[in-house]
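Contents: one structure, followed by commentary.
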Amino acid sequence: MSALDFARRIRNREQAIGYWIALDDPVATERLARLGYDYVVVDAQHGMLGYAGVRNAMLAIDAGATSAPLVRVGQND
């Protein structure tokens, strides 16, 4: 699902099912992104990911080509 399709579904209050990741494992993240979830969230606030981990997770979700990537930011600054 593209980010635009995901945004449209959320705006229309349609159901979306997703998965949250907190570990820095791009291979597992890509496999999860291929399972058909509507979105995969990278938890940078409570997860064990630095900048490179978040970047790699986003690339892995994009490579999965079926889920929209989201990030829960570590800080609001």
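The values are calculated or read from the model by the stated rules, or taken from the named source; none is laboratory data. Here the structure is a predicted model, which means the values were calculated and not measured. Cβ: placed from backbone, ideal geometry, glycine included. Neighbour counts: every protein chain shown. Heavy atoms of the whole protein, side chains included, go into the accessibility calculation; ligands, DNA and RNA do not. Shrake-Rupley method; radii C 1.70, N 1.55, O 1.52, S 1.80 Å.
Summary value for the chain: 36 percent relative contact order, contacts being C-alpha pairs under 8 angstrom separated by 6+ residues.
Each peptide among 1-7, 63-69 gets the average number of other Cβ atoms lying within 10 Å of its residues, and from highest to lowest they stand as 63-69, 1-7. Debye-formula intensities of the chain, expressed as log10 I(q)/I(0) at q = 0.11, 0.21, 0.23, 0.25 Å⁻¹, are -0.25, -0.85, -0.98, -1.10 (one equal scatterer per alpha-carbon, no solvent).
Put the Cα centre of the stretch 1-28 next to the Cα centre of the stretch 45-77 and the gap is 11 Å.
Between Gln75 and Ala16, residue separation times 0.36 nm minus the direct Cα-Cα distance comes to 18.7 nm.
Evaluating 6.51 cos²θ - 1.76 cosθ + 1.60 at θ = phi - 60° for every residue in the stretch 46-51, the Karplus couplings come out as 10, x, 9, 10, x, 4 Hz, glycine and proline recorded as x. Helix content alone sets the calculated 222 nm mean residue ellipticity of the chain: runs of n ≥ 4 DSSP H residues at -39500 (n - 2.57) each, divided across all residues, give -12000 deg cm²/dmol. Taking only protein heavy atoms and a 1.4 Å probe, the accessible area of the chain is 53% carbon and sulfur.
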